[in-house]
1. Restricting to the range 208-223, what's the tally of residues that are crowded, with 18+ Cβ neighbours inside 10 Å, under 18 Å from F146 (Cβ atoms) and polar (S, T, N, Q)?
2. Within the range 311-338, can you find the residues that are closer than 12 Å to V372 by Cα and assigned to a loop (DSSP other than H, G, I, E, B)?
3. Output the number of the condition that L375 fails; it satisfies all remaining conditions of (1) surrounded by fewer than 18 Cβ atoms within 10 Å (Cβ to Cβ); (2) farther than 18 Å from D318 by Cα; (3) at pLDDT 95 or above.
4. Looking at R67, R40, can you tell me which residue is surrounded by fewer than 20 Cβ atoms within 10 Å (Cβ to Cβ), touching a Gly at 6+ places or on another chain (Cβ under 6 Å) and not assigned by TED's automatic domain parsing to the domain that holds R316?
5. Would a scan of the range 194-203 turn up a residue that is within 24 Å of E83 (Cβ to Cβ) and either free of Cβ contacts under 8 Å to residues at least 60 places away in the same chain or in contact with a strand residue (DSSP E or B) (Cβ under 9 Å, 6 or more places away or on another chain) (or both)?
6. Looking at A326, A294 in this structure, which one is in the same structural domain as W400 (by TED's automatic domain parsing), without any contact (Cβ under 8 Å) to a residue 60 or more places away in the chain and buried (at least 22 other Cβ atoms within 10 Å of the Cβ)?
7. Is it the case that some residue within the range 378-391 is over 17 Å from A247 (Cα atoms) and in contact with a Gly (Cβ under 9 Å, 6 or more places away or on another chain)?
8. Please specify each residue of the range 307-358 satisfying the condition of being acidic (D, E) and in contact with a helix residue (DSSP H, G or I) (Cβ under 6 Å, 6 or more places away or on another chain).
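The values are calculated or read from the model by the stated rules, or taken from the named source; none is laboratory data. Since the model is a prediction, treat every value here as computed from it, not as a measurement. Ideal geometry is used to build each Cβ from the backbone, glycine not excepted, and the neighbour counts take in all protein chains shown.
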Amino acid sequence: MGIATVNPATGETLRTFDELSDEEVEERLAKAAAAFGVHRRTGFGERAALLERAAEVLEAEQDAAARMITMEMGKPLGAARAEAAKCVKAMRWYARHAEDELADEEPRPADVEDSGASRAFVRYRPLGPVLAVMPWNFPLWQVVRFAAPALMAGNVGLLKHASNVPQTALYLEDVFRRAGYPDGCFQTLLIGARRIEGVLRDPRIAAATLTGSEPAGRSVASIAGDEIMKTVLELGGSDPFLVLPSADLDGAVSTAVTARVQNTGQSCIAAKRFIVHSDVYDDFAARFTQEMAALTVGDPLAEGTDVGPLASEQGRADLEELVEDAVSLGARTLCGGRRPVRLEAGWYYEPTVLADITPTMRIHREEAFGPVATLYRVSGLDEAIKVANDTAFGLSSNAWTRDEAEQERLVADLEAGGVYFNGMTASHPGMPFGGTKRSGYGRELAGHGLREFCNATTVWYGAR
């Protein structure tokens, strides 16, 4: 299909786009390098004013932007509006806090004296053009959470977006242009995946960030490693959702449903594996299944739709294979497990709950990217932690318990980039986001994300 907008609710191709030629890619690389030479020397006040204007542009167009991404990747319209609003919030957070987060750091006076300096500090300086390889599932947010801190740090951005969201990619370039950013500060590259390596190996690219699949991350990291280039990777997750006996079960059930089907289940930080203590398992399983089965599946443009289509036909086929494999090996389907009968067009799949999961099943090891939840019964905290950590991924985790000793134990022992108690994992501009194990490395958001693509420069003055 190449680079095209295909409506997931109908399978209809809405628009197609030509890839950039080699000459056009070269032109954009040259613009990025030239823009960096200017943008890196601007002050934080000027950068903040530009980003505030970008926030204003997006805020004024939230409804139109939401409809566009719903048409491109099937996100329910209400969720699409929320995504646009979240981007506005993040832009304003960075515009208002980047200067403080990147302020010069003063070492301890004793260390300055011991080094023989009359004065010393650390200054964060931008690296240069950063290539962002971004996915389709949050087509605005994934880009903004890279672009806002990168631009505020003085870097410039080149976006290679997923090929099924070209209109969103071009729209983001236009938002930054209309906000007043100089030509070349933020550009979209409409190219296929096979051409990423050539861009990465260009000496004008200073760093790269990727959110996507493990194979994609491995490829980019390998190329970047060969080029001795800084990278940040976020490669998905299979987040556990632990429910222990002291939990508020009403809150746990309600949050579990939202955590599993946000963005039709196509979220790296969606809770996917529900690990429940035997004391509350039966009650939780019954109520969770009932609420999952009651969700409204349908047209993502219709108000009131909870679950829209999967973003691609291949994505639904991959999800079906995982479910079929689990059922063939003994998993029980408590609800769902099939395509909705009444929705023949589009790439829909019913909200599904599977029980009796074992390590022999693929869904135990692989990320289920869609509205499918797996249930595990455990006898105690030790077993809950063991099951939670029995995955190659380590993005985030959720735990429902009011027991402070259990909370401390989980913070110490859960192998994940985040531990969220009595709530749902969510990214926030003021808190670092990222994973461990095969979920990737590095951090986005907060000051940590600002500093990832900076040169932490030691400045030392000898005796005067």
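1. Qualifying residue count, the range 208-223: 2.
2. G336, G337, R338 - these are the residues of the range 311-338 that are closer than 12 Å to V372 by Cα and assigned to a loop (DSSP other than H, G, I, E, B).
3. Here L375 clears every test but (1).
4. That would be R40, the only listed residue that is surrounded by fewer than 20 Cβ atoms within 10 Å (Cβ to Cβ), touching a Gly at 6+ places or on another chain (Cβ under 6 Å) and not assigned by TED's automatic domain parsing to the domain that holds R316.
5. Kept after step one, since they are within 24 Å of E83 (Cβ to Cβ), are these residues of the range 194-203: none.
No: zero hits.
6. Only one candidate qualifies: A326.
7. Yes, because at least one residue in the range 378-391 is over 17 Å from A247 (Cα atoms) and in contact with a Gly (Cβ under 9 Å, 6 or more places away or on another chain).
8. As a first pass, look at the range 307-358 and keep what is acidic (D, E): 313, 318, 320-321, 324-325, 344, 350, 356.
Correct list: D325 only.
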